[in-house]
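Enquirer: Take a look at this one; I'll ask things after.
The values are calculated or read from the model by the stated rules, or taken from the named source; none is laboratory data. Worth saying up front: this structure is predicted, and the values here are computed from it rather than measured. As a convention, Cβ positions derive from the backbone with ideal geometry for all residues, glycine included, and neighbour counts pool all protein chains shown. Protein only, heavy atoms only, side chains kept; ligands, DNA and RNA dropped before computing areas. Shrake-Rupley method; radii C 1.70, N 1.55, O 1.52, S 1.80 Å.
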Amino acid sequence: MEQTVIHYDTRPLLAQYKKIRNHSELICSPLETEDYVVQPIADVSPPKWHLGHTTWFFETFILIPHFSGYKEFNEQYNFVFNSYYETVGARVLRTDRGNLSRPSVADIYAYRRYVDQQMEAFLNHSELSDELYAVLELGLNHEQQHQELLLTDIKYILGHNPLFPVYKKMEYQDIKSVEDAEFISMPEGIYEIGFNGEGFSFDNESGRHKKYLESYEIAVSLVTNADYLQFIAEGGYENFIYWHSEGWEWVKQEQVKAPLYWHFIDGKWVNYTLAGLQEINPFEAVCHVNFYEASAFAAWKGMRLPSEEEWEAASSHFKWGERWEWTGSAYLPYPRYSKKPGAIGEYNGKFMVNQMVLRGGSIATPEGHIRASYRNFFHAKHQWQFSGIRLVR
């Protein structure tokens, strides 16, 4: 079957490509060279690996198969920077990414410059099929996903350095506490769920479908640090009644007493922020809680987390985008979801097991990479994402 060739104006495509690629390096600009290499836990990748992996995506899926005469920067980089694509071949184990002292940070920036120059030449001299345009668009959104992971991983790396170094100042917005929060009443009925409209979306958002929802009330505001401090003070981490069995085992085994980055020092709670170690601001939305903690807090309040459908149906009635918000929904395919063949098909479908959906976006989400239908997903134990809590009653 012949591919349809569309004469896209590549100038705005190239401008978008450059803007997104430059933003990845801007995120890393406050780092020291040593910060690029650290991998404190398996879930955190070294910043230099993110920079190399996002570059590998464009080289592997666009330049090598579609740009005549293209010469790979380094044939070993497919092994180093392939993340989880079985179709593409062998790769460094995720847990070993921190052992990669070579290629150096300088090597990886040279790799980025080389691929960017080749991509510019490709876009200036090529006609794109619909299929190839879709791969390019996926690659740009893939890099934006890694920009969020970059900031998340950088915070983990610096936040577990005993010196608690400053990354840079970040602005946060004060919000009302749950006690004062308004709730929006959503009537029972049939709601349409899933991506709708123009522009990019991931395949896991497709398959817009109808969903019947019972009536419910959803909070206008996110749970604050003040609300969560009350949960801690009233023994939230010591009473099994609020926790899922698996969550209670996690609390006991890990001896958890508070959200990630919180420390009780000299009689007061402080937390590591991207601006360094600071006293907890009671009016900020609580951050870095996992699904277990979010569910336990909701149970303590006599409420629950919204389903992802409830969240999406109500999302036009409240402000969102400050924290990724845990839902009570397992990450599963929508009706009519179909996994694409080849490596691109490995992007989302293979992860639809043992993960929970988060909605909304966060302060770490890049501009233009946020929409109400976006389905983020993580295992229930993960705290390191910029995640928070919105309640339903």
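Enquirer: For residue 263, what accessible surface area do you get with a 1.4 Å probe? Give it in Å², rounded to 10.
Expert: Counting only protein heavy atoms, residue 263 exposes about 60 Å² to solvent.
Enquirer: Follow-up question, since we're still on this one. Express the carbon and sulfur contribution to the solvent-accessible surface of the range 100-234 as a percent, rounded to the nearest whole number, probe 1.4 angstrom.
Expert: Values: 3100 of 6380 Å².
After summing per-atom areas, the C and S share lands at 49 percent.
Enquirer: Continuing with this model, one more query. Which of 24, 206, 68 moves the most in a Gaussian network model of the chain with Cα springs under 10 Å?
Expert: Evaluated over the chain, the most mobile residue of the options is 68.
Enquirer: What's the extension gain from residue 101 to residue 29 if we count 0.36 nm per residue and subtract their Cα-Cα distance?
Expert: Numbers: separation 72, 0.36 × 72 = 25.92 nm, distance 1.94 nm.
The residue 101-residue 29 span can extend by a further 24.0 nm.
Enquirer: Among 205, 217, 254, which one shows the highest mean-square fluctuation when the chain is modelled as a Gaussian network with alpha-carbon springs under 10 Å?
Expert: Maximum fluctuation in the GNM of the chain, among the listed residues, is at 254.
Enquirer: Modelled label-to-label distance, residue 255 and residue 161, 7 Å Cα→beta-carbon offset: nm?
Expert: A separation of 2.6 nm, rounded to one decimal place.
Enquirer: List the residues of the range 253-284 whose backbone N lies under 20 Å from a point placed 7 Å from the Cα of residue 238 along the Cα-to-Cβ direction.
Expert: Under 20 Å, as judged by backbone N against the label point of residue 238, lie 253-260, 262-270 of the range 253-284.
Enquirer: Let me check I've understood the local charge: for residue 310, count other residues with C-beta under 13 angstrom from its C-beta, Lys and Arg +1, Asp and Glu -1. What total comes out?
Expert: On the way: positive: 211, 304, 359, 390, 393; negative: 188, 214, 217, 308, 309, 312, 325.
Computed value for this residue: -2.
Enquirer: Treating the angle as unsigned and between 0 and 90°, give the value, to the nearest 10°, between the Cα long axis of helix 105-125 and the longest Cα principal axis of the chain.
Expert: Once rounded, the angle reads 60 degrees.
Enquirer: Given the Cα-Cα distance of residue 277 and residue 317 and 0.36 nm per residue of separation, how much length would full extension add, in nm? Spell out each step's value before the answer.
Expert: Numbers: separation 40, 0.36 × 40 = 14.40 nm, distance 3.44 nm.
Taking 0.36 nm per residue and subtracting the Cα distance, the gain is 11.0 nm.
Enquirer: Over the chain, with the other protein chains present, what is the accessible area per residue in square angstrom, probe 1.4 angstrom?
Expert: Numbers: 18340 Å² over 393 residues.
Per-residue accessible area for the chain comes out at 47 Å².
Enquirer: Given the pairs 169/211; 48/268; 211/340; 71/340; 301/350, which are separated by over 32 angstrom at their Cα positions?
Expert: Working: 169/211 42 Å; 48/268 36 Å; 211/340 25 Å; 71/340 28 Å; 301/350 35 Å.
In this structure, 169/211; 48/268; 301/350 exceed 32 Å between Cα atoms.
Enquirer: A further question follows. Any chance you could run the full-extension gain for residue 190 through residue 339? It's 0.36 nm times the residue separation minus the Cα-Cα distance, nm to one decimal.
Expert: On the way: separation 149, 0.36 × 149 = 53.64 nm, distance 2.68 nm.
In short, 51.0 nm is gained.
Enquirer: In a shell of Cβ-Cβ distance under 13 Å around residue 372, excluding residue 372 itself, what net charge do Lys and Arg (+1) and Asp and Glu (-1) give? Before the final figure, lay out the partial values.
Expert: Working: positive: 208, 319, 359, 371, 375; negative: 192, 205, 308, 309, 310, 312, 325.
With Lys, Arg at +1 and Asp, Glu at -1, the net is -2.
Enquirer: Please state the shape class of the range 161-288: rounded when a/c is under 1.5, otherwise prolate if a/b exceeds b/c and oblate if not, all from the C-alpha gyration tensor.
Expert: Working: a/c = 1.90, a/b = 1.57, b/c = 1.21.
Prolate.
Enquirer: Using a 1.4 angstrom probe on heavy atoms only, work out the carbon and sulfur share of the accessible area of the range 240-307 in %.
Expert: Working: 1630 of 3230 Å².
Carbon plus sulfur share of accessible area: 51 percent.
Enquirer: Cα to Cα, under 13 Å, and not fewer than 8 places away if on the same chain: which aspartates and glutamates meet these conditions relative to residue 381?
Expert: Answer for residue 381, where 13 Å is the Cα cut-off: 43, 246, 249, 254, 293, listed by chain and number.
Enquirer: Label the range 249-385 by shape, choosing from rounded, prolate and oblate, from the square roots a ≥ b ≥ c of the eigenvalues of the Cα gyration tensor; if a/c is under 1.5 it is rounded, and otherwise prolate applies when a/b is larger than b/c, oblate when it is not. Before the final figure, lay out the partial values.
Expert: Values: a/c = 1.80, a/b = 1.68, b/c = 1.07.
It is prolate, given that a/c is not under 1.5 and a/b is the larger ratio.
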